[in-house]
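Asks: I'd like to ask you about the structure that follows.
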Amino acid sequence: MTLPAVPSSALRWSALMLCCALASLLLQFLNMPAGALIGPMGVSILFGIFVGRLALPRVLFKSGQGVIGLLIAQSMTLSVLSTILAEWPAMLLATAITLALSTVVGIGLVRYGGLPGTTAAWGTTPGAASAMVLMAEEANADPRIVAAMQYVRVISVVLAGALVSHWLGVSPSAAQADNGPQWLPAHPAGLAASAALLLVGVTLCDRLLPAGALLGPMFLGSLVQLSGVIELEVPLPVLEIAYACIGIYVGLRFDRETVRNVMHAFKWMLLASLLLIACCALSALLLVKLMQSDFLTLYLATSPGGLDAMTIIALETNADVAIVAALQVLRLFVVILIGPSMARFVARFARDNG
């Protein structure tokens, strides 16, 4: 009797899932911050380049972002909200510094990196990577190169954030031991509310807002959490799956075609990302006294990575999640408002424009 053949795609997915799980467990065993994100992301990059023909459904990526939004909402209290409202001038200053630094780095990249002006400009704009790719496509920039530039920076920021927190001696296990997500929900009603908010975020908010799958659950969940009527619940297994979905989705974006398209300018893209990270770290150091917060929190808040990735590291390192989320969201909205103007300004400095 002949057994039915297993489709090659099923074999590839099985191998990917197994390798991602092993990488995640290894990094978490080594107490690497955001190991459940970094492990699957690294494995998926290798699979995307050397195996190919795999793409995680976008709804899973959006669902992963929604879970992160719920986690941010869980951290919201009236005292945290009052702190954010009191610090808004400093937050605006921090946002302006990050955008100014990204503009300077973007000008350098379009001038010497050999990439089309508008495409390079969108690729260096700090915001939610998925939102920046969509906006770049509407502006007639090459979405593949913009996506590669955005995700190279996201990966660089995630790795740098994990290394900085490790260098500061912050352990994920120590940070989450007491108040982190648990394996089993303590309040079924809170779990049901979280599931409902996640569904609303992925199906409705994502159509109405840039990065709506993340921002919708975050804003709506914050209102629920601040009301005191119900306490949101996100079990640890759901959190781990969300981390993996985000990491796999980002990693699989790096296929052979994308790598070929950006290989000639990859060193400039990586240099631009590292330079921007270093500049933001210096600005965070200057803001420590101004905002009366710790360096790790402000480093994550000003880092030019995605809101979801920075929140994951903040959650695992006991940084002030509310401040990190507030600054990242503020910058995202500012970029959405002025992003096209920033891109046009940066593009003027490209060699092919003059």
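Asks: Collect the residues in the stretch 205-232 that are within 13 Å of L71 (Cβ to Cβ) and of a type in the set (S, T, N, Q), keeping them in residue-number order.
Replies: S222, Q225
Asks: Taking the stated definitions as given, is M269 free of Cβ contacts under 8 Å to residues at least 24 places away in the same chain and assigned to a helix (DSSP H, G or I)?
Replies: When the stated conditions are applied, M269 does not pass them.
Asks: Oh, and also: All but one of (1) buried (at least 18 other Cβ atoms within 10 Å of the Cβ); (2) modelled with pLDDT under 75 hold for G114; which doesn't?
Replies: (1)
Asks: So, in the stretch 30-66, of the ones that are under 28 Å from G216 (Cα atoms) and β-branched (V, I, T), which residue ends up modelled with the lowest pLDDT?
Replies: Checking each candidate, the answer is I38.
Asks: Another question, if that's okay. Considering only the stretch 55-97, state which residues are surrounded by fewer than 18 Cβ atoms within 10 Å (Cβ to Cβ), under 30 Å from V250 (Cα atoms) and either among the β-branched types (V, I, T) or touching a Phe, Trp or Tyr at 6+ places or on another chain (Cβ under 6 Å) (or both).
Replies: If the condition is that a residue be surrounded by fewer than 18 Cβ atoms within 10 Å (Cβ to Cβ), under 30 Å from V250 (Cα atoms) and either among the β-branched types (V, I, T) or touching a Phe, Trp or Tyr at 6+ places or on another chain (Cβ under 6 Å) (or both), then V59 is the only one that fits.
Asks: Could you please let me know if V202 is buried (at least 18 other Cβ atoms within 10 Å of the Cβ), in a helix (DSSP H, G or I), β-branched (V, I, T) and at pLDDT 80 or above?
Replies: For V202, the condition - buried (at least 18 other Cβ atoms within 10 Å of the Cβ), in a helix (DSSP H, G or I), β-branched (V, I, T) and at pLDDT 80 or above - is met.
Asks: State all residues of the stretch 294-320 that are modelled with pLDDT under 85 and of a type in the set (V, I, T); if no residue qualifies, say none.
Replies: T311, I312, I313, T317
Asks: Picking from M310, M342, which residue would you name as being under 18 Å from I246 (Cβ atoms) and not polar (S, T, N, Q)?
Replies: Just a single option satisfies the conditions, and that option is M310.
Asks: Something else now. Surrounded by 22 or more Cβ atoms within 10 Å (Cβ to Cβ) and over 16 Å from the mean Cα position of the chain (by Cα): is that true of A242 in this structure?
Replies: So A242 fails the test.
The values are calculated or read from the model by the stated rules, or taken from the named source; none is laboratory data. The structure presented is a predicted model; accordingly, all values stated were derived computationally and were not measured. Reconstructed Cβ throughout: ideal geometry from the backbone, glycine too, with neighbour counts over all protein chains shown.
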